[in-house]
1. Express in nm, to one decimal, how much length is gained between residue 52 and residue 89 on full extension, taking 0.36 nm for each residue of separation and deducting their alpha carbon distance.
2. If I model the chain as equal point scatterers sitting on the Cα atoms and use the Debye formula, what is log10 I(q)/I(0) at q = 0.12, 0.15 Å⁻¹?
3. Select from 19, 58, 132 the residue whose mean-square fluctuation is largest in a Gaussian network model of the chain (Cα-Cα springs shorter than 10 Å).
4. Quick one: Kirkwood hydrodynamic radius for the range 94-142, alpha-carbon pairs, angstrom, one decimal?
5. Can you compute the FRET efficiency between residue 26 and residue 79 using 1/(1 + (r/R0)^6), with r the Cβ-Cβ distance and R0 = 30 Å? Round to the nearest 0.05.
6. How big is the range 3-68 in terms of Cα radius of gyration and Dmax, in angstroms?
7. Mean separation of Cα pairs under 8 Å and 6+ residues apart, divided by the residue count of the chain: what relative contact order is that in percent?
8. Relative to the longest principal axis of the chain, what angle (0 to 90°, nearest 10) does the C-alpha long axis of helix 56-71 take?
């Protein structure tokens with residue numbers, strides 16, 4: 001497959017992954033505020049479907065296409081400071097993704113102990129990752 005197609009698929013996967021990472025914690029905000037059982041159950045379904053149907057598959061696709069793309073020129077990428085910084089941020093983003101999955105399980109098991117305010121702040125974290133990663137890829141400051 002030509003590198004341009006791999007790159008396009010990587011970008012599409014990243015966009016889908018970030019969309020899910022922006023929306024899932026937002027669902028947590030509303031779930032934490034929910035008081036009636038119908039709403040609580042609805043949020044559980046929405047969170048599960050978003051996680052299993054979009055977030056995790058998009059993460060796996062983004063990582064797969066990103067690794068595939070980097071494997072086409074490993075000598076170049078592994079010697080670029082911007083790329084190594086990006087890999088570090090992507091690793092932290094994967095950890096954030098798994099933190100979301102942990103919180104999802106807490107909600108699923110009715111064990112959430114955090115307020116909607118916590119989730120409002122938690123929801124902002126992927127924005128910081130997106131800004132930093134885009135700057136690293138486009139500006140390549142290192």
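1. Stretched fully, the residue 52-residue 89 segment lengthens by 11.1 nm.
2. With one equal scatterer per Cα and no solvent, log10 I(q)/I(0) is -0.54, -0.76.
3. Ranking 19, 58, 132 by mean-square fluctuation puts 132 first.
4. Result for the range 94-142, one decimal place: 12.6 Å.
5. About 0.20, to the nearest 0.05.
6. In Å, with Rg to one decimal and Dmax whole: 14.8, 50.
7. 40 percent
8. Helix 56-71 and the main axis of the chain meet at about 10 degrees.
Computed from the coordinates by the stated procedures, all read-outs in this text should not be read as laboratory data. These numbers were taken from a predicted model, which means no experiment stands behind them. So basically every Cβ, Gly included, is an ideal-geometry build from the backbone, and we count neighbours across all protein chains shown.
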